[in-house]
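A quick write-up on the structure given underneath.
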Amino acid sequence: MSAAVATPVDGPVANDEPVLAATDVTVRFGGLTALDRVSIEVPPGTIVGLVGPNGAGKTTLFGVLSGLVRPDTGEVLLGGQRVTRATPAARARLGLARTFQQLELFLGLTVRQHVVLGVRVRTERRRLWSDLLTAGALHPESEAERSRVDHLLDLLGLTDVAHAPAATLPLGTARRVEVARALATSPRVVLLDEPSSGLDAGETARISDAFRTVVDEEGVSLLLVEHDVAMVLGLSSRVSVLDFGVRIAEGTPDEIRTDPAVRAAYLGDDGDTPGALQ
């Protein structure tokens, strides 16, 4: 095992750092520069949006933040520690969680069982592996686990479907299950990868309300990568915009709506329309 994998962090930094930050990150794939000196910050207890036309570099930056992509230059800081060379597992232990555009659920497990597994990722890793090997016959919940799971099910509006198998859930509900499972690990920050993908307007509104509640009641930060620009502008306190691997704008939703560079980027992208910025 390399030293980069064995050592989860590069060393401490000042305690007043944002909960998650990337500074001057550059990523090259052969002759292609996917990210060019990109920086982003996620303050505690906030929702930050990351948007941009197709091919802008959003997925690559998400990979850098989560540990799946190693930057050529720059650094990543999580909870006051440098984690540029840390593995995804090491970052998870330091309080980073994420959801995926493609659902990552165990279809044979119930909604409640998914959240229980999330709790045990943080508190009972040995029991977690035993649970996974028995597939559907999880060890009984402790009183503390039961209380935490009940709270998260209520928070995400999942109490009524707690005992439903994941395979039977509509897409919008399944996405809320992923968020509940991520929160069960007690993270500092959750990376949300296209959470409105495949949802209708009603489902998008409901999951947006859930995100606001999560931030207010859990104090967690959310970094939201989305093609639904209207959703991002309605939820986020700050928004960063990428285009061709460069951060072309950063500011409040009102500042982003009126930024000429942002409007030019979206006017030139067939996947979005100027109306998305209204």
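The values are calculated or read from the model by the stated rules, or taken from the named source; none is laboratory data. For clarity, every value in this text was computed on a predicted model and none was experimentally measured. Counting neighbours? That spans all protein chains shown, and the Cβs are built from the backbone with ideal geometry, glycine included. Keep in mind that these areas ignore ligands, DNA and RNA; they rest on the heavy atoms of the full protein, side chains included. Shrake-Rupley method; radii C 1.70, N 1.55, O 1.52, S 1.80 Å.
Points worth noting:
- In the range 151-254, counting only helices (runs of 4 or more DSSP H) that sit wholly within it, the ones holding 2 or more residues that are free of Cβ contacts under 8 Å to residues at least 12 places away in the same chain span 201-218.
- Some residue of the range 159-175 being among the β-branched types (Val, Ile, Thr), in contact with a Gly (Cβ under 7 Å, 6 or more places away or on another chain) and buried (at least 20 other Cβ atoms within 10 Å of the Cβ): no
- Count of the range 58-92 residues which are β-branched (Val, Ile, Thr) and not in a loop (DSSP other than H, G, I, E, B): 5
- Identity of the residue in the range 26-57, outside any strand (DSSP E or B) and under 19 Å from Val69 (Cβ atoms), that ends up modelled with the lowest pLDDT: Asn54
- The number of residues in the range 228-245 being surrounded by 20 or more Cβ atoms within 10 Å (Cβ to Cβ) and among the polar types (S, T, N, Q) comes to 2.
- Sub-6 Å Cβ pairs linking a first residue in the range 26-37 that is open to solvent by 100 Å² or more (accessible area, probe 1.4 Å) to a second residue that is of a type in the set (Asp, Glu), at least 6 apart or interchain, are Arg28/Asp72; Arg37/Asp24, ordered by first then second residue.
- Each residue in the range 195-227 was checked for being within 16 Å of Leu50 (Cβ to Cβ) and open to solvent by 50 Å² or more (accessible area, probe 1.4 Å), and 1 pass.
- Checking Asp72 against (1) out of contact with any strand residue (DSSP E or B) (no Cβ under 7 Å at 6 or more places or on another chain); (2) surrounded by fewer than 17 Cβ atoms within 10 Å (Cβ to Cβ), the condition it does not meet: (1)
- Close pairs from the range 48-66: first touching a residue at least 60 places away in the same chain (Cβ under 8 Å), partner among the polar types (S, T, N, Q) and buried (at least 19 other Cβ atoms within 10 Å of the Cβ), Cβ under 7 Å, at least 6 apart: Val48/Ser236; Gly49/Ser236; Leu50/Ser240
- Among the residues of the range 93-115, those identified as open to solvent by 20 Å² or more (accessible area, probe 1.4 Å), part of a loop (DSSP other than H, G, I, E, B) and either out of contact with any Ser or Thr (no Cβ under 8 Å at 6 or more places or on another chain) or among the aromatic types (Phe, Trp, Tyr) (or both) are Leu94, Phe100, Gln102, Leu103, Glu104, Leu105, Phe106, Leu107, Gly108.
- When residues of the range 48-69 are limited to those that are of a type outside the set (A, V, I, L, M) and farther than 18 Å from Ala21 by Cβ, the one surrounded by the fewest Cβ atoms within 10 Å (Cβ to Cβ): Asn54
- Considering (1) among the hydrophobic types (A, V, I, L, M, F, W, C); (2) under 24 Å from Val149 (Cβ atoms); (3) touching a Ser or Thr at 6+ places or on another chain (Cβ under 6 Å), the lone condition that Val27 does not fulfil carries the number (2).
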